1. For the range 273-284, check the following and say yes or no: at least one residue is buried (at least 22 other Cβ atoms within 10 Å of the Cβ), part of a helix (DSSP H, G or I) and within 16 Å of the ligand (Cβ to nearest atom).
2. Select from the range 397-419 the residues that are within 15 Å of Thr272 (Cα to Cα) and surrounded by fewer than 23 Cβ atoms within 10 Å (Cβ to Cβ) and write down the one among them that is nearest to the chain's Cα centre (by Cα).
3. Could you tell me whether Tyr567 is out of contact with any Leu (no Cβ under 8 Å at 6 or more places or on another chain) and either of a type in the set (D, E, K, R) or farther than 24 Å from Glu463 by Cβ (or both)?
4. Restricting to the range 452-497, name every residue that is closer than 20 Å to Asp573 by Cβ, surrounded by fewer than 22 Cβ atoms within 10 Å (Cβ to Cβ) and of a type in the set (A, V, I, L, M, F, W, C).
5. Can you find a residue that is over 22 Å from Phe296 (Cα atoms), in contact with a helix residue (DSSP H, G or I) (Cβ under 6 Å, 6 or more places away or on another chain), within 16 Å of the ligand (Cβ to nearest atom) and among the hydrophobic types (A, V, I, L, M, F, W, C) anywhere in the range 411-431?
6. Could we say that Tyr26 is over 19 Å from Thr613 (Cβ atoms), touching a residue at least 24 places away in the same chain (Cβ under 8 Å) and not in a strand (DSSP E or B) here?
7. Of everything in the range 600-615, what is farther than 23 Å from Ile499 by Cα and either assigned to a helix (DSSP H, G or I) or among the polar types (S, T, N, Q) (or both)? Give them in sequence order.
8. With (1) under 20 Å from Gly478 (Cβ atoms); (2) within 16 Å of the ligand (Cβ to nearest atom) as the list, and Asn601 as the residue in question, which single condition is left unmet?
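The values are calculated or read from the model by the stated rules, or taken from the named source; none is laboratory data. Fair warning: this is a prediction, and the values are worked out from it, not measured in the lab. As a convention, Cβ positions derive from the backbone with ideal geometry for all residues, glycine included, and neighbour counts pool all protein chains shown.
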Amino acid sequence: MCGIVGYIGNKQAYPIIINGLKRLEYRGYDSAGIALFDGKKIQLSKTKGKVVDLEARVAEEIETKGSVGIGHTRWATHGIPNDVNSHPHCSNSGDLVLIHNGIIENYASLKTELINRGYTFKSDTDTEVLVNLIEEIKKQEDVKLGKAVQIALNQVVGAYAIALFDIKKPNELVVAKLGSPLAIGIGEDEFFVASDASPFIEFTKDAIYLEDEEMAIIRLGREVRVRKIKNDKLVNANIQKLKLNLEQIEKGGYDHFMLKEIYEQPTVIKDTYRGRLLANKGIIKLGGLDDNISRFTNADRIIIIACGTSWHAGLVAEYIFEEWTRIPVEVEYASEFRYRNPIITEKDIVIAISQSGETADTLAAIKLAKQRGAFVYGICNVVGSTISRETHSGSYTHAGPEIGVASTKAFTTQITVLTMMALEIGRVKGAIAQSDYMLHLRELELIPGHVEAALKSNEKIEEIAAVFKNAKNFLYLGRGVNFPVALEGALKLKEISYIHAEGYPAAEMKHGPIALIDDQMPVVVVAINCNHYGKVVSNIEEIKARSGKIIAVVTEGDTEVAALADYVMEVPDTPETLTPLLTTIPLQLLSYHIAVMLDKNVDQPRNLAKSVTVE
Ligand code: G6P
């Protein structure tokens, strides 16, 4: 994790780097630091805390002059979050300054070797080892900075996106990538470096995304030279035109990114099916799927791998795919899949789901599946991300940048893509009746309007949040395709309000969680009008009999559950398979309001990060 930003050019580097770090705080926010070169000496400031804390520290201790600099916002891996462990880290001579996102796994042995050669270390970080290793190689081999970086990176094991400069050659930044993302923005007489393009979007739309095992030497007045770290070969780097705009990464009048992103769902669900779903013609067009449709229709099995919220989207897909395609589906945590010895055959299809496209465990699971001959299909939100490039084919969600750490719109757009895939595979395979197929196409087109209607309950949900905000525990129940929604609802609450919450299949409640129910226990039940309605009503009765408090998500106009529940949150009627796209909405709002009322940092919850690029 961690966010890195660098600048070299003719402007003042400080405001660019500070604003850039604020945009990258979703990647980590336990400490931050900046190093600027003012032409004479290095101005370095670091602190535990967020980027605003860094700004305050900078105001006290350094001059902010200089048109070259690097900055970092951290999610600690090696060494606790404190001022000393914060990046940037300097080499022993003070000449080299480095920021790093990732982990150097063999740092301990490298450190011992450097200590034997007389190096000393101030921090507990692997990064300080790397910057001194580069310094030592530069000295011993008498090579330029770029070459020293290359030799050093061939000695390290791990993952990295790094940026560094030498105060003796301040017109040059050196960057490299393996496993963690790194984008280079190319302006006029200026260059930007960042973990994603958001820090430089208002300055340039031209960017190079480094591939794994590539490094670049960025020198003022020259073209960016990209090389392979392993064999030094020059790479013809592709300059991409960015589509991102500033509005997409700002709060747009909302108090939090999370709320903005919840409210964006009608639009981004539509963006995700726009041009792909032609309901009146009965057509679904997904380029990546169409090109490989026979692989899917002939597949023996689909294995879905993902982490976190994306894993919940995978669980929803299991129900939908099995229903419409009749292909057996297994859903696996990427972190478990990669470390067991999974049986994978060439007739298996692996679908990897990842908002960021950078999650380390998902990436490793993809590599394993590919090695064993499976065809791997990616569903990612971030265009050009590592997972989108590592997979054989795939479909993007079009959720736009998701900045709130708790995932919302990524989840519903992932389900939108997975729903279209299942419908199309089912149609080609002949596993879904044509009338059913047509019905779901038409109903999917109505979902954005239904989400808007569900969002209208916001004030009512806020009132419910006020009643339950001090509860110590919550139970979330759902059945069938809404069981994963219960898991996701519980995860949202845990993530941002730090209230313990558990998601459970409603019927399974009897086998354990029922023991927890008393008059202090709010139970959120997804009880919409569907096949299991009667069964869920019975589950609600069981909770009532034990004095539990029921907050139910119901279909508009419901009277039966409404009569039993303490509170209801309504969503419009839609076919059961599509209900997760709606039932999720009130649960997102409920957790949001509880966290706000508890005065928690909704967009940057403690200990979490948006994109987990370490295992
Ligand atoms: C982190 C985030 C979650 C996300 C998970 C998987 O834990 O905080 O919101 O669901 O990673 O991320 P991915 O980018 O692979 O979907």
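1. If we filter the range 273-284 for residues that are buried (at least 22 other Cβ atoms within 10 Å of the Cβ), which is where we start, we get 273, 277, 284.
Subsequent filtering for residues that are part of a helix (DSSP H, G or I) retains 273.
After this cut, where a residue has to be within 16 Å of the ligand (Cβ to nearest atom) as well, the list is none.
No, every residue in the range 273-284 fails to be buried (at least 22 other Cβ atoms within 10 Å of the Cβ), part of a helix (DSSP H, G or I) and within 16 Å of the ligand (Cβ to nearest atom).
2. Pass one, the range 397-419, residues within 15 Å of Thr272 (Cα to Cα): 397-402, 408-419.
Right, trim to surrounded by fewer than 23 Cβ atoms within 10 Å (Cβ to Cβ) and you get 398, 400-401.
Working: His398: 14, Gly400: 12, Pro401: 10 Å.
Per the criteria, the residue is Pro401.
3. Details: out of contact with any Leu (no Cβ under 8 Å at 6 or more places or on another chain): yes; either of a type in the set (D, E, K, R) or farther than 24 Å from Glu463 by Cβ (or both): no.
Spelling it out, it is not the case that Tyr567 is out of contact with any Leu (no Cβ under 8 Å at 6 or more places or on another chain) and either of a type in the set (D, E, K, R) or farther than 24 Å from Glu463 by Cβ (or both).
4. Ala453, Leu455, listed by residue number.
5. So the first thing to find is which residues in the range 411-431 are over 22 Å from Phe296 (Cα atoms), and the list is 411-412.
From what's left, in contact with a helix residue (DSSP H, G or I) (Cβ under 6 Å, 6 or more places away or on another chain): 411-412.
Okay, now just the ones that are also within 16 Å of the ligand (Cβ to nearest atom), so 411-412.
Keeping just the survivors that are among the hydrophobic types (A, V, I, L, M, F, W, C) gives 411.
Yes, because at least one residue in the range 411-431 is over 22 Å from Phe296 (Cα atoms), in contact with a helix residue (DSSP H, G or I) (Cβ under 6 Å, 6 or more places away or on another chain), within 16 Å of the ligand (Cβ to nearest atom) and among the hydrophobic types (A, V, I, L, M, F, W, C).
6. Values: over 19 Å from Thr613 (Cβ atoms): no; touching a residue at least 24 places away in the same chain (Cβ under 8 Å): yes; not in a strand (DSSP E or B): yes.
It is false that Tyr26 is over 19 Å from Thr613 (Cβ atoms), touching a residue at least 24 places away in the same chain (Cβ under 8 Å) and not in a strand (DSSP E or B).
7. Our first condition is that a residue be farther than 23 Å from Ile499 by Cα; within the range 600-615, this holds for 613-615.
Residue satisfying the conditions is Thr613 alone.
8. (1)
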